[in-house]
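Beneath this line is the structure, given in structure tokens, with notes to follow.
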Amino acid sequence: MVSSILLLINSFSVNATPSNDRKAVAAFRDALGGGAITTATAGEEVCVWPGIVCDPDTLRVTDIVLRADDSPVNQALGNEKLHFSGDWHWTGLISDSLCLLDQLTTLIVTDWISISGEIPACITSLTNLRILDLSGNRISGEIPADIGKLSQLIVLNLADNQISGSMPPSVVDLSSLRLLDLSNNKISGEIPSDIGNMKMLSRAILGENQLTGSIPASIAALSRMADLDLSTNQISGSIPEEIGSMPVLSVLNLYSNQLSGEIPASLFGNKGLSHLNLSRNSLEGNVPDSFSPENYFIVLDLSYNKLTGEIPKSISSVKYMGALDLSNNEIVEA
Ligand SMILES: *[C@@H]1O[C@H](CO)[C@@H](O)[C@H](O)[C@H]1NC(C)=O
């Protein structure tokens, strides 16, 4: 089968490519098991290799974009022009040679399934990095402890790997970060209590890990947070009252945890919340009678808890109710 490779054609003289970047990319590619590229582009300079972008003035490598999967989601996440697909089966490692590429702003190596090994600790020296996406591989080990040094980082996506250890405390220093996706790994320990420092964060997807401890109240200080997913962990304690006042929160998935206590009435006071799934916890008490005509729920799932009392009368006042599930509680019809 012939791979469809998008070669990036550059107008500059390839001979001027800084040779150190060429060597670093070659070593990086070889560690991934990149034989296919070697053959396809033997003799080419680094800036015209598939998935590699250089700065047109300095000829330094700025982007590495190697996606195995050409799903529309992936295309939406990145520059379509850089989109790269092939039927090569890369199974190697992320080499620390990439740490020599000090002008790198984007590193996307996604959905190769078999790429393994650890995230090189030296990656935190690449302080120009804005996008780090290694999702959909088999990467293990821990998140580098000083990840917080990547102060330009906007996207940190390590989802669907086998990463263990805890969220490093320095993660809260990522003050430009908008997307944090660590879902479907083996991350344990607690969510840093000062997560509220990550002022730009709009999506925190931490589901399907082994997180423990409680939901830090500081999370409510994240005024841009739209999508918060802590589902399928071992998080305990009660749902902080303050979450009800998060201004743009629209999706809150806390299902399959060990949350207890009552559902804060403030939650239904949050008019923007359209997906609320609290299923499979140990929440107790009544469903708060605090619905209003401003509520618009596409999903409201409170099933498999220990809720008691009557279905609140105010629930019938909501503007819209899509999927409502109150089953497997001890709630009675009013
Ligand atoms: C809520 O999450 C559970 C997973 O525990 C899922 O099975 C259920 O479909 C979700 N509810 C809705 C209404 O989407």
Between Gln210 and Ser223, with labels modelled 7 Å along Cα→Cβ, what's the label distance in nm to one decimal, could you check? 3.9 nm
Assuming R0 = 56 Å, what is the FRET efficiency of Ser19 and Gln234, from their Cβ-Cβ distance, to the nearest 0.05? 0.65
Determine, for each peptide in 286-298, 211-223, 248-260, the mean count of other beta carbons within 10 angstrom over its residues, then list the peptides with the highest first. 248-260, 211-223, 286-298
In terms of the charge dipole of the chain, which places +1 on Lys and Arg and -1 on Asp and Glu at the beta carbon, the residue among Thr58, Gly237, Phe268 farthest towards the positive end is Thr58
Rounded to two decimals, the Rg over Rh value of segment 263-334 from Cα coordinates and the Kirkwood Rh reads 0.92
How about Lys271: which lysines have a C-alpha closer than 22 Å to its C-alpha, ignoring those fewer than 8 places off in the same chain? Lys199, Lys313, Lys319
So if I take the centroid of the Cα atoms in segment 263-334 and the same for segment 148-214, what is the distance between those two points in Å? 28 Å
Summing Lys, Arg as +1 and Asp, Glu as -1, what charge do residues with Cβ under 11 Å from the Cβ of Glu310 carry, Glu310 excluded? -2
Got the relative contact order for the chain handy, in percent, Cα pairs under 8 Å and 6 or more residues apart? 8 percent
What's the magnitude of the charge dipole for segment 221-334 around its Cα centre, counting Lys and Arg as +1 and Asp and Glu as -1 at the beta-carbon? Answer in Debye, nearest 20. 240 debye
Identify the residues of segment 210-230 with backbone N under 20 Å of a label point that sits 7 angstrom from the Cα of Val248 along the Cα-to-Cβ direction, or state none. 218-230
Simple spin-label model, 7 Å along Cα-to-Cβ: Ser114 to Met200 in nm? 3.7 nm
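Could you give the size of the charge dipole of the chain about its Cα centre, using +1 on the Cβ of each K and R and -1 on the Cβ of each D and E, expressed in debye and rounded to the nearest 20?
Numbers: 19 positive and 37 negative charges, 81 e Å.
Approximately 380 debye in magnitude.
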Select from Ser193, Val155, Leu182 the residue farthest towards the positive end of the dipole of the chain; place +1 on Cβ of Lys and Arg, -1 on Cβ of Asp and Glu, and compute about the Cα centre. Val155
Grab the other residues whose beta carbon is less than 13 angstrom from that of Ala220, score K and R as +1, D and E as -1, and report the net. -1
Each label point is 7 Å from the Cα along the Cα-to-Cβ direction; what then is the distance between the points at Lys319 and Lys186, in nm? 4.6 nm
When only alpha-carbon atoms count, how far does the chain stretch along each of its three principal axes, as whole angstroms with the largest first? 77, 37, 32
Under a point-charge model restricted to the Cβ atoms of Lys and Arg (+1) and Asp and Glu (-1), what is the dipole moment magnitude of segment 136-284 relative to its Cα centre, in debye to the nearest 20? 340 debye
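The numbers here are math on the coordinates, done by the rules we state, and not lab data. This structure is a prediction, so every number in the text was calculated from the model and none was measured. A quick note on method: Cβ atoms are made from the backbone with ideal geometry, for glycine too, and the neighbour counts reach across all protein chains shown.
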